[in-house]
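The values are calculated or read from the model by the stated rules, or taken from the named source; none is laboratory data. Note that the structure is predicted; figures quoted are calculated from it, not measured. We place every Cβ from the backbone using ideal geometry, glycine too, and count neighbours over all the protein chains shown. Note: areas computed on protein heavy atoms with side chains; ligands, DNA, RNA excluded. Shrake-Rupley method; radii C 1.70, N 1.55, O 1.52, S 1.80 Å.
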Amino acid sequence: MTDRRVRLDTPRESRRQIVRRPTVDADTFGVFAESFARYMGTAKFLLWMTMFVAAWVLWNVLAPADLRFDEFPFIFLTLMLSLQASYAAPLILLAQNRQEQRDKVVAEQDRQANARAHADMEFLAREVASLRMAVGEVATRDFLRSELRGLLGDIEELSRTEPEDPAQAPPDWVQRPGQ
């Protein structure tokens, strides 16, 4: 149903149409054009067209003279093939235009996905760099082991060099009972 209300933001038609123009749904026609173009690009179409032309030529060469409808230069066949080509070319162009529009949409979606992936990779690279810097400031397992080995060596050395006179022992030296 069409909207018949008067709109103030659109100009009125200056003249009335006596005969309404037919409206064509662009999508429906585009789908038809694409299916037609796809069919014309198949071996099946070429085979059928070749058989049609061969039958046309054979009929107009081998049939009795009174049944022939297109004599040797085959002008009517040429006219029919030209008519078919004149309709096929715009339909193929329409199908190509629709495909180009789809390709543009897909290319834009790919570009956006690539931009998001690039931003994610940059973010992850920054995160990895910050983690490396943070890990550089944290004591690692190997560092702790080496420090503990050094302390263990110091303790063993101190236990071997125990002073003979307890009065000379440093104040933090702990005497065990029974020693």
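Would you please list the contacts, defined by Cβ atoms under 7 Å and residues six or more apart or on different chains, that run from a residue in the stretch 94-107 that is within 21 Å of Met40 (Cα to Cα) to a residue that is among the acidic types (Asp, Glu)?
Filtered contacts from the stretch 94-107: Ala95/Glu34; Arg98/Glu34.
Of everything in the stretch 37-65 that's within 45 Å of the chain's Cα centre (by Cα) and among the small types (Gly, Ala, Ser), which residue is least open to solvent (accessible area, probe 1.4 Å)? Step through it out loud before you land on a result.
Going residue by residue through the stretch 37-65, those that are within 45 Å of the chain's Cα centre (by Cα) are 37-53.
Remaining after also requiring among the small types (Gly, Ala, Ser): 37, 41, 43.
On the way: Ala37: 24, Gly41: 69, Ala43: 79 Å².
Within the stretch 37-65, the match that is least open to solvent (accessible area, probe 1.4 Å) is Ala37.
Which pairs have Cβ atoms under 6 Å, sit 6 or more apart or on different chains, and link a residue in the stretch 15-33 that is of a type outside the set (S, T, N, Q) to one that is assigned to a helix (DSSP H, G or I) and surrounded by 10 or more Cβ atoms within 10 Å (Cβ to Cβ)?
Final answer for the pair search is Gly30/Arg98; Ala33/Leu91; Ala33/Leu94; Ala33/Ala95.
What residue, of Arg7, Arg68, is among the charged types (D, E, K, R), surrounded by fewer than 10 Cβ atoms within 10 Å (Cβ to Cβ) and free of Cβ contacts under 8 Å to residues at least 12 places away in the same chain?
Numbers: Arg68 fails: surrounded by fewer than 10 Cβ atoms within 10 Å (Cβ to Cβ).
When all the criteria are applied, what remains is Arg7.
Val128: of a type in the set (Val, Ile, Thr), without any contact (Cβ under 8 Å) to a residue 60 or more places away in the chain and either in contact with a helix residue (DSSP H, G or I) (Cβ under 9 Å, 6 or more places away or on another chain) or closer than 25 Å to Asp27 by Cβ (or both), yes or no?
no
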